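A.B. asks: My questions will all concern the structure given below.
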Amino acid sequence: MRRTRHYSAFAIAREALRRHAGWQPAWRDAAPKARYDVVIVGAGGHGLATAYHLGRDHGITNVAVLEKGWLGGGNTGRNTTIIRSNYLQDPSAAIYEKSRSLYETLSQQLNYNVMFSPRGVLMLAQTQHEVRGYRRTAQANALQGVATEFIGPARVKALCPIIAIDGPRYPVLGALWQARGGTARHDAVAWGYARACSDMGIDIVQRCEVTGVRTEGGRVTGVETSRGAIGCGRLGLVVAGHSSRLAEMAGFRLPIESVALQALVSEPIKPCMDVVVMANTVHGYMSQSDKGEMVIGGGTDGFVNYTQRGSFHHIEETVCALIETFPMLSRLRMLRQWGGIVDMTGDRSPILSRTPVEGVFVNCGWGTGGFKAIPGSGYAMAELMATGRSVLAEPFGLSRFREGRFIDESVAAGVAH
Ligand SMILES: Cc1cc2nc3c(=O)[nH]c(=O)nc-3n(C[C@H](O)[C@H](O)[C@H](O)COP(=O)(O)OP(=O)(O)OC[C@H]3O[C@@H](n4cnc5c(N)ncnc54)[C@H](O)[C@@H]3O)c2cc1C
């Protein structure tokens, strides 16, 4: 198996001297084989991270990741890249903190710069109800080993001078502050995992849409695709907003609703904000990209749809909301908007689970907040698929919906991020 060249300062210097003629493609564009031990559907961050950990941690490399479009072209390449782990419930804090801690060294692990920037995340408290809620979360996080603190308005202003803390309707009363939360470059996360997978011999097959799931005696035997039938021993469905459709092909139903979530960016401006701010009450969140654009997240559509594009009323609502907290935004021009199809569960927690079909596993339900979970989710899903059990994944099984063991994160996910 050909390995890609190690990226290093030395390699850049050498290539500079020979007109960059020696770089290779970061991953092989594989053609599908007739059969694999494991097939993963969906080359977003979660599918690629699952394949990576199957190879790295469990030595399973006869794996294909099938993608109907281009890798990272789903929500992974459309999100606003906020990374944090300040969730309330213990199972959530465990998987999101595992993920956040993996992000700390992901660039070194993958030998690919994912531009993790632990610049700190502020979740603003703008009502007494939120003050109580975030104080409670800070206490829960202390018990869970997640480093967060509740801070007062003066500290918020010091961390983010462009905030108007005496806002007209909702003054800033404090914030939940996670100093090691932040952002990463979304495409780079997908590309880095893809390169590492390809190096291990895992096939990433793009423009290969799965159109059916083959079963025999209640067990998966393979998939039908736009590039022919492919056999497999185990199948992972990791397709975010398309999860219900894939489950239907396999013959079961998922408690998922798919809706469009959108975001927008402004024209680039000089650096003015070096933290991430989320304002749940007025509903909006914002960070500044390395290029200087203000990256702004809006809300989900209030109805089920698969449109994968933005809508004007959300832009208006989101920008109006943020201008209350950041008045300087009123003088900015907006550059572009886009949307992605997110997969929402009733308790706003993900599903990492076996399914009624033997050999079929699902990883979905990350909804509006799964980018931050990619490394941890890949780690847990690979363990589940390889060994049949994962401590991190166990609470997120499908059985919780039958048994009423919900992991309610509607507060932590109160704003779409
Ligand atoms: C606007 C927006 C902002 C967001 N902001 C944040 C944020 O700030 N922080 C955060 O943590 N999360 C955020 N999210 C959520 C996050 O993007 C997702 O939870 C995460 O990217 C999901 O990754 P995934 O790999 O599961 O799905 P995806 O990246 O969507 O990958 C699934 C892939 O499956 C493919 N696929 C679908 N059907 C088939 C088929 N039949 N055959 C083959 N392939 C198929 C799709 O083409 C797609 O590439 C945001 C989402 C959006 C839309």
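A.B. asks: Are any residues in region 211-250 more than 24 Å from the chain's Cα centre (by Cα), among the charged types (D, E, K, R) and either closer than 26 Å to ALA373 by Cα or crowded, with 22+ Cβ neighbours inside 10 Å (or both), and if so, which ones?
C.D. replies: Taking region 211-250 and keeping what is more than 24 Å from the chain's Cα centre (by Cα), we get 211-233, 249-250.
Restricting the remaining residues to those that are among the charged types (D, E, K, R) gives 214, 216, 219, 224, 227.
Within region 211-250, no residue meets the criteria.
A.B. asks: Shifting gears a bit: Can you name the strands (runs of 3 or more DSSP E) wholly within region 202-257 that have at least 1 residues being within 10 Å of the ligand (Cβ to nearest atom) and in contact with a Pro (Cβ under 6 Å, 6 or more places away or on another chain)? If you could, list the steps in order and put the result at the bottom.
C.D. replies: On the way: elements: 203-205, 210-216, 219-225, 228-237.
Correct list: 203-205.
A.B. asks: Then there's this: Is it the case that some residue within region 70-78 is within 10 Å of the ligand (Cβ to nearest atom), within 30 Å of ALA138 (Cα to Cα) and in contact with a His (Cβ under 7 Å, 6 or more places away or on another chain)?
C.D. replies: First, the residues of region 70-78 that are within 10 Å of the ligand (Cβ to nearest atom): 70-78.
Narrowing further to those that are within 30 Å of ALA138 (Cα to Cα): 75-76, 78.
Subsequent filtering for residues that are in contact with a His (Cβ under 7 Å, 6 or more places away or on another chain) retains 76.
Yes.
A.B. asks: Applying the selection to region 232-261, what residues are among the basic types (Lys, Arg) and within 25 Å of TYR379 (Cβ to Cβ)? Before you say what the answer is, go through the steps one by one.
C.D. replies: Quick first cut of region 232-261, residues among the basic types (Lys, Arg) only: 234, 245, 253.
The answer is ARG234, and nothing else.
A.B. asks: Return the residue satisfying two criteria in turn: it lies in region 275-331 and is loosely packed, with under 14 Cβ neighbours inside 10 Å and acidic (Asp, Glu), and of such residues it is nearest to the chain's Cα centre (by Cα).
C.D. replies: Of everything passing the filter in region 275-331, ASP290 is nearest to the chain's Cα centre (by Cα).
A.B. asks: Give me the residue from region 385-397 that is open to solvent by 30 Å² or more (accessible area, probe 1.4 Å) and either out of contact with any helix residue (DSSP H, G or I) (no Cβ under 7 Å at 6 or more places or on another chain) or at pLDDT below 95 (or both) and, out of that set, nearest to the ligand (Cβ to nearest atom).
C.D. replies: GLU394
A.B. asks: On to the next question. With the condition kept exactly as written, say whether any residue in region 169-183 is closer than 30 Å to GLY59 by Cα and surrounded by fewer than 23 Cβ atoms within 10 Å (Cβ to Cβ).
C.D. replies: Within region 169-183 (the criterion being closer than 30 Å to GLY59 by Cα and surrounded by fewer than 23 Cβ atoms within 10 Å (Cβ to Cβ)), the answer is no, since none of the residues qualifies.
A.B. asks: Give me the pairs: first residue in region 59-87 and over 30 Å from LEU122 (Cα atoms) and in contact (Cβ under 8 Å) with a residue 12 or more places away in the chain, second residue more than 8 Å from the ligand (Cβ to nearest atom) and acidic (Asp, Glu), beta-carbon distance under 8 Å, and six or more apart or on different chains, which are they?
C.D. replies: Pairs that qualify, where the first residue is over 30 Å from LEU122 (Cα atoms) and in contact (Cβ under 8 Å) with a residue 12 or more places away in the chain and the partner is more than 8 Å from the ligand (Cβ to nearest atom) and acidic (Asp, Glu), are ILE60/ASP37; ASN62/ASP37; VAL63/ASP37; VAL63/ASP203; ALA64/ASP203; VAL65/ASP203.
A.B. asks: Residues of region 109-156 being over 22 Å from LEU322 (Cβ atoms) and among the hydroxyl-bearing types (Ser, Thr, Tyr), which ones?
C.D. replies: Residues satisfying the conditions are TYR112, THR137, THR148.
A.B. asks: Moving to a separate point now. Could you grab me the full set of residues in region 190-210 that are among the hydrophobic types (A, V, I, L, M, F, W, C) and open to solvent by 30 Å² or more (accessible area, probe 1.4 Å)? Reasoning before the result, please.
C.D. replies: In the first step, residues of region 190-210 are kept if they are among the hydrophobic types (A, V, I, L, M, F, W, C); the result is 190-191, 194, 196-197, 200, 202, 204-205, 208, 210.
Across region 190-210, the qualifying residues are TRP191, MET200.
A.B. asks: When the residues of region 258-273 are narrowed to those that are away from the ligand (no atom under 12 Å from the Cβ) and crowded, with 19+ Cβ neighbours inside 10 Å, which ends up farthest from PHE303 (Cα to Cα)? So that I can check it myself, show each step before the final result.
C.D. replies: Residues of region 258-273 that are away from the ligand (no atom under 12 Å from the Cβ), as a first pass: 266-273.
Next, from what is left, pick out any that are crowded, with 19+ Cβ neighbours inside 10 Å: 266, 273.
Details: SER266: 27, MET273: 34 Å.
It comes out as MET273.
A.B. asks: Consider ALA154 carefully, then state whether it is away from the ligand (no atom under 11 Å from the Cβ) and either in a loop (DSSP other than H, G, I, E, B) or open to solvent by less than 10 Å² (accessible area, probe 1.4 Å) (or both). Working first, answer last.
C.D. replies: On the way: away from the ligand (no atom under 11 Å from the Cβ): yes; either in a loop (DSSP other than H, G, I, E, B) or open to solvent by less than 10 Å² (accessible area, probe 1.4 Å) (or both): no.
Here the answer is no, as ALA154 does not meet what is asked.
The values are calculated or read from the model by the stated rules, or taken from the named source; none is laboratory data. What you are looking at is a predicted structure, and each value in this text was computed from that prediction instead of being measured. Cβ atoms come from the backbone with ideal geometry, glycine included; neighbour counts cover every protein chain shown. Protein only, heavy atoms only, side chains kept; ligands, DNA and RNA dropped before computing areas. Shrake-Rupley method; radii C 1.70, N 1.55, O 1.52, S 1.80 Å.
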